[in-house]
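Reading through the structure tokens given below for one structure.
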Amino acid sequence: MSVVLGFQDPVADAIGLLKPHTVIGPSLRAVGEWALSFDTFLHVRIGGLVRGKCWLILEGHEPVLLREGDTFMLGNPPPYVLASTPDVSPRPAEAVWAGAEDGFVRIGPESENDLYLCVGHIAFDDQNAALLTDLLPPLVIVRAADPHGSRLGQLIDLLATEVAVTAAGGPLVQNHLAQILLVHMLRAHAGQTDRPTGWLGALNEDGIGAALRAVHADVAHSWNLNELAEISHMSRSAFAQAFKSHVGVPPLEYLIQWRMSLARDALARDALSISELARATGYQSESAFSTAFRRVVGSSPTKFRDQERRSAANGS
């Protein structure tokens with residue numbers, strides 16, 4: 001029996017392994033002078049301005065003015081502040097958020113011209129979170145006028161609407177909208193810089209991107225450097241150098257790391273026997289698979305699976 005792991009697209013594969021859990025906070029409506037301080041958060045915080053403007057003040061960065069239609073993404077953010085102006089003394093956001101009613105937090109009297117901000121956070125499976133969070137800068141801003149800005153603004157509008165109404169399936173819709181928003185933010189980030197880091201940026205390189213997609217499309221194949229270089233239409237040495245330069249690790253090391261990420265997920269779900277998992281990740285024997293798994297993960301597949309079973313039984 002042939003067992004297939006992955007979804008044949010690097011972004012879809014990574015997000016599938018990350019098991020994103022989205023919590024969309026109450027939307028903020030505010031007028032006058034105000035400032036809210038937010039603590040550090042793992043892994044991604046995301047938001048956008050439906051109406052108005054405010055300042056985003058991230059520790060270690062210059063204050064950024066956000067305007068209507070702008071969206072932002074914070075990767076493993078340090079403490080930060082959202083404020084009407086940079087010189088207002090902030091108060092803890094947690095206490096203000098606790099007073100939310102009907103999906104809104106309000107600062108100041110109700111006004112047709114108040115600021116309208118939608119924010120949320122996305123948490124990932126800790127074992128695989130580094131697949132994405134290691135690639136993200138602390139701050140990504142997409143302006144309303146940017147190539148992806150209009151679409152992101154529409155998604156923020158939809159998300160804010162879902163938060164504001166109580167309807168059947170609301171949390172499910174919010175979760176899916178937030179994931180779509182995340183994908184579009186990743187696309188925008190990849191297009192904002194000449195050389196974004198890791199596999200995310202490498203997808204934009206014709207040769208390297210083709211090799212990455214081939215690996216994800218058939219992770220069980222016994223890939224070698226010559227095959228991947230041919231797919232990229234590059235010489236073996238040029239491909240190896242370009243791949244490491246863009247992705248950060250050599251091609252075959254990336255393949256092993258990706259296979260082990262899939263293996264950890266499958267073992268955690270107790271989805272396959274170890275022999276099935278070895279074949280599904282391109283190994284001819286359990287012993288070869290176990291050796292690679294132990295080198296990357298630090299324990300044998302059997303021990304890792306048993307630990308995951310105990311954690312599941314204990315509800316942790």
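The values are calculated or read from the model by the stated rules, or taken from the named source; none is laboratory data. Computed from a prediction, not measured in an experiment: that's the story for all the values here. Here the Cβ is made from the backbone with ideal geometry for all residues, glycine too, and neighbour counts use every protein chain on show.
Table for the structure above
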quantity	calculated
Output for the stretch 67-85, where each listed residue is loosely packed, with under 14 Cβ neighbours inside 10 Å and not in a strand (DSSP E or B)	Thr85
Where a residue in the stretch 19-48 is closer than 30 Å to Glu112 by Cα and its partner, wherever it lies, is of a type in the set (Asp, Glu), with Cβ under 7 Å and at least six apart	Arg29/Asp114; Ala30/Asp114; Val31/Asp114; Gly48/Asp70
Those residues of the stretch 133-176 which are of a type in the set (Asp, Glu) and more than 16 Å from the chain's Cα centre (by Cα), in sequence order	Asp146, Asp157, Glu162
Selection within the stretch 123-162 - touching a Lys or Arg at 6+ places or on another chain (Cβ under 9 Å) and modelled with pLDDT under 80	Gln127, Asn128
Boolean, Pro26 is more than 29 Å from His216 (Cα to Cα), outside the structural domain of Thr281 (by TED's automatic domain parsing) and either modelled with pLDDT under 85 or hydroxyl-bearing (Ser, Thr, Tyr) (or both)	yes
Lone unmet requirement of (1) out of contact with any His (no Cβ under 7 Å at 6 or more places or on another chain); (2) closer than 22 Å to His184 by Cβ for Val81	(2)
Condition broken by Trp199, with the remaining ones in (1) in a helix (DSSP H, G or I); (2) among the hydrophobic types (A, V, I, L, M, F, W, C); (3) at pLDDT 80 or above satisfied	(3)
Whichever residue in the stretch 101-122 is at pLDDT 85 or above and in a loop (DSSP other than H, G, I, E, B) and, among such residues, is surrounded by the most Cβ atoms within 10 Å (Cβ to Cβ)	Asp114
Wholly within the stretch 25-66, strands (runs of 3 or more DSSP E) carrying at least 2 residues that are closer than 14 Å to Ile156 by Cα	27-30, 44-51
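One line per residue, one yes/no per condition, for (1) buried (at least 18 other Cβ atoms within 10 Å of the Cβ); (2) outside the structural domain of Gln127 (by TED's automatic domain parsing); (3) among the polar types (S, T, N, Q):
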position: Glu205; (1), (2), (3): yes, yes, no
position: Ser222; (1), (2), (3): no, yes, yes
position: Ala229; (1), (2), (3): yes, yes, no
position: Ser235; (1), (2), (3): no, yes, yes
position: Ser245; (1), (2), (3): no, yes, yes
position: Pro250; (1), (2), (3): no, yes, no
position: Leu255; (1), (2), (3): yes, yes, no
position: Ala266; (1), (2), (3): yes, yes, no
position: Arg269; (1), (2), (3): no, yes, no
